[in-house]
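Novice: I'd like to ask you about the structure that follows.
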Amino acid sequence: MPNPSLEPEILISRLSHRPRHLLKAMITVTSPPKSTDSKLADRVWTDRGSSLGILDRLPPEIVSILLGMLDTQSIARFACLSSRANTFVRSQRAYRDLATLVPQVLLALGRVGLIGLHSVAELHAALRTERCATCIEYGAFLFLPTCERCCWECLRLNPSLRVLSRKEAKRYFGLSDRHLQRLPTLRVIPGDYGISANPAPEHCELISVKAARGLGLIVHGSAGKLAQAMARRCKSTGLFVTGRYLQGGWPAVSQDQDLLLLPSQGNIPTDDFFGMASIPFPSLSKSGRIEDGLWCLGCEVTLRRYDSLRLPRDVLAAIVPSNCGPLRVLLGLERRARSKESFLDHVKHCYGAQQLIPELATGNG
Ligand SMILES: [Zn+2]
Ligand SMILES: [Zn+2]
């Protein structure tokens with residue numbers, strides 16, 4: 001007879017959590033105002049016979065593609081033009097999903113000044129993926145400057161998922177103030193960020209490393225010349241090491257490689273702006289199920305046992321490859337979010353989960 005304590009929903013309720021210290025390390029938009037979608041629904045239209053204007057000459061599928069290319073603010077403005085435009089916009093699945101499922105993300109994009117940067121189609125595509133854009137894991141966050149879904153580990157390690165001050169962008173990518181005018185700027189929302197809840201600097205404006213690197217390559221013509229421009233501006237070892245890291249890009253990860261289990265990437269320069277450009281971001285599956293990511297309480301138990309020297313050696317050896325630092329790996333696992341499917345698969349093999357629910361070890365109890 002199947003053991004009821006091993007039912008998926010029971011396992012999820014007993015073994016998963018949403019760690020506040022990680023979620024609060026990023027942009028938090030607490031009570032989003034009524035979604036744009038419901039505002040549209042409330043509006044009283046008097047011009048019921050109105051049209052889409054010149055767009056009426058196009059087939060609805062083409063109008064739909066064109067609307068998908070607009071950003072969410074422009075599409076909301078379009079919806080205000082007439083009752084027909086309003087009905088048309090509300091019939092667009094991509095826009096409706098964004099406005100009803102992630103209004104806090106749209107609000108955050110507006111508050112940081114990047115609402116016009118990504119189209120509805122791009123944001124919807126990100127909503128409908130689960131995987132981190134730069135590794136194989138579930139991505140529980142959205143990096144606002146590039147509209148990429150990402151995981152905690154990549155946010156921490158991947159230079160493309162970082163933001164810089166204007167001064168740093170100029171220094172590390174050989175750019176001038178005039179160059180920077182061509183790049184989108186993120187206005188930091190006041191608040192506390194990062195694991196240690198550091199307050200954001202006042203009136204802080206940031207630029208994405210990816211955009212600065214892209215422009216640096218255009219301005220200087222090649223990766224080699226870009227590196228030389230950086231070296232001329234970074235005379236001290238510390239600055240040079242940071243510049244090399246920021247320009248270095250990201251190693252391509254193969255389909256089955258777990259970043260955490262690769263040997264350490266060396267010293268990663270501190271990210272003073274961690275969390276200021278990212279936000280928790282649910283995912284929408286093909287079947288229409290929304291997921292927020294599940295974090296494993298078992299992995300927290302494993303980390304605590306390691307910290308207090310109570311983790312058996314053979315268990316540690318089974319989790320952490322010999323060429324990796326145990327603390328980095330165990331901390332990374334504790335901070336890893338998973339999709340429901342991957343979570344249920346993970347807890348079958350998680351040492352800490354088996355300590356919390358011993359029946360998991362035998363599979364039947
Ligand atoms: Zn990742
Ligand atoms: Zn676990």
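Novice: Let me know the charge dipole size of the chain about its Cα centre in debye, to the nearest 20, where only the beta-carbon of Lys, Arg (+1) and Asp, Glu (-1) is charged. Could the numbers behind the result be given before it?
Specialist: Numbers: 46 positive and 32 negative charges, 228 e Å.
Dipole magnitude for the chain comes out near 1100 debye.
Novice: In whole percent, how big is the carbon plus sulfur part of the accessible area of the chain, probe 1.4 Å, protein atoms only? Write down the numbers at each step before the final one.
Specialist: Values: 9880 of 18310 Å².
The nonpolar share, carbon plus sulfur, comes to 54 percent.
Novice: Please work out the Kirkwood hydrodynamic radius for the chain, using every pair of different C-alpha atoms, and report it in angstroms with one decimal place.
Specialist: Details: mean 1/r = 0.0438 Å⁻¹.
About 22.9 Å for the chain.
Novice: Here's another thing I want to ask about it. Let's test the formula: R0 of 25 Å, r as the Cβ-Cβ distance of S222 and L262. What FRET efficiency results, to the nearest 0.05? Please report the intermediate quantities before stating the final value.
Specialist: Details: r = 28 Å, r/R0 = 1.13.
Step by step, r from the Cβ atoms, then E = 0.30.
Novice: Please state the relative contact order of the stretch 44-176 as a whole percent: Cα pairs under 8 Å, 6+ residues apart? It would help to have the intermediate numbers written out before the result.
Specialist: Values: 137 pairs, mean separation 23.2, N = 133.
Reported as a whole number, the value is 17 percent.
Novice: Could you give the alpha-carbon Rg of the stretch 214-365 over 2.2 N^0.38 Å, rounded to two decimals? Present the calculation step by step, with values, prior to reporting the outcome.
Specialist: On the way: Rg = 20.5 Å, N = 152, 2.2 N^0.38 = 14.8 Å.
Output field value: 1.38.
Novice: Taking 25 Å as R0, compute the FRET efficiency from the Cβ-Cβ separation of L327 and Q355 and round it to 0.05. Working shown, then result.
Specialist: Working: r = 19 Å, r/R0 = 0.77.
Using R0 = 25 Å, I get an efficiency of 0.85.
Novice: Continuing with the same structure: May I ask you to derive the relative contact order of the chain, considering only C-alpha pairs under 8 Å and at least 6 residues apart, and to give it as an integer percent? The partial results should precede the final answer.
Specialist: Details: 551 pairs, mean separation 77.6, N = 365.
Computed value for the chain: 21 percent relative contact order.
Novice: Be a star and scan the stretch 265-292 for residues whose amide nitrogen sits under 12 Å from the point 7 Å along the Cα-to-Cβ vector of V241.
Specialist: In the stretch 265-292, the label zone of V241 (backbone N under 12 Å from the point 7 Å along Cα→Cβ) covers 266-270.
Novice: D345 versus S13, label points 7 Å from Cα toward the beta carbon: distance in nm?
Specialist: 2.6 nm
Novice: A follow-up question, please. Around H179, what is the net charge, scoring Lys/Arg as +1 and Asp/Glu as -1 over all other residues with Cβ under 11 Å from its Cβ?
Specialist: Values: positive: R166, K170, R178, R182; negative: D177.
Around H179, the surrounding residues sum to +3.
Novice: Right, here's the next one. Rg over Rh of the stretch 266-310, using C-alpha atoms and the Kirkwood radius, what does it come to? Show your work: numbers first, answer last.
Specialist: Values: Rg = 16.7 Å, Rh = 14.5 Å.
My calculation puts Rg/Rh at 1.16.
Novice: Here's a follow-up. Which of the listed residues, G191, Y172, H220, is farthest toward the dipole's positive end in the stretch 157-242, when Lys, Arg count +1 and Asp, Glu count -1 at the beta-carbon?
Specialist: Farthest towards the positive end: H220.
Novice: To continue, here is another question. Using helices alone, I'd like the mean residue ellipticity at 222 nm for the chain: each DSSP H run of four-plus residues gives -39500 (n - 2.57), total over residue count, nearest 500.
Specialist: Values: 21 runs with 168 residues, N = 365.
Result for the chain, helices only: -12500 deg cm²/dmol.
Novice: Sorting check: for 232-238, 83-89, which peptide has the highest mean count of neighbouring beta carbons within 10 Å, and how do the rest follow? Show your work: numbers first, answer last.
Specialist: Details: 232-238: 10.6, 83-89: 19.4.
The most tightly packed comes first, giving 83-89, 232-238.
Novice: Mind checking the full-extension length gain between A121 and A231? Use 0.36 nm per residue of separation minus the Cα-Cα distance, one decimal, nm. The partial results should precede the final answer.
Specialist: On the way: separation 110, 0.36 × 110 = 39.60 nm, distance 3.93 nm.
My answer for the length gained is 35.7 nm.
Novice: On to the next question. What dipole magnitude, in Debye to the nearest 20, does the stretch 148-280 give about its Cα centre under +1 on Lys/Arg Cβ and -1 on Asp/Glu Cβ? Don't jump to the answer; show the numbers that get you there.
Specialist: On the way: 17 positive and 11 negative charges, 170 e Å.
Around 820 debye, computed over the stretch 148-280.
Novice: What is the dipole size for the stretch 86-204, taken about its Cα centre, with +1 at each Lys and Arg Cβ and -1 at each Asp and Glu Cβ, in debye to the nearest 20? Before the final figure, lay out each step's value.
Specialist: Details: 16 positive and 10 negative charges, 76 e Å.
Magnitude of the dipole: close to 360 debye.
The values are calculated or read from the model by the stated rules, or taken from the named source; none is laboratory data. No experiment lies behind these values; they were computed from the predicted model shown. Using ideal geometry, Cβ is built from the backbone for each residue, glycine included, and neighbour counts are taken over all protein chains shown. Ligands, DNA and RNA are excluded from the accessible area calculation, which covers all protein heavy atoms including side chains. Shrake-Rupley method; radii C 1.70, N 1.55, O 1.52, S 1.80 Å.
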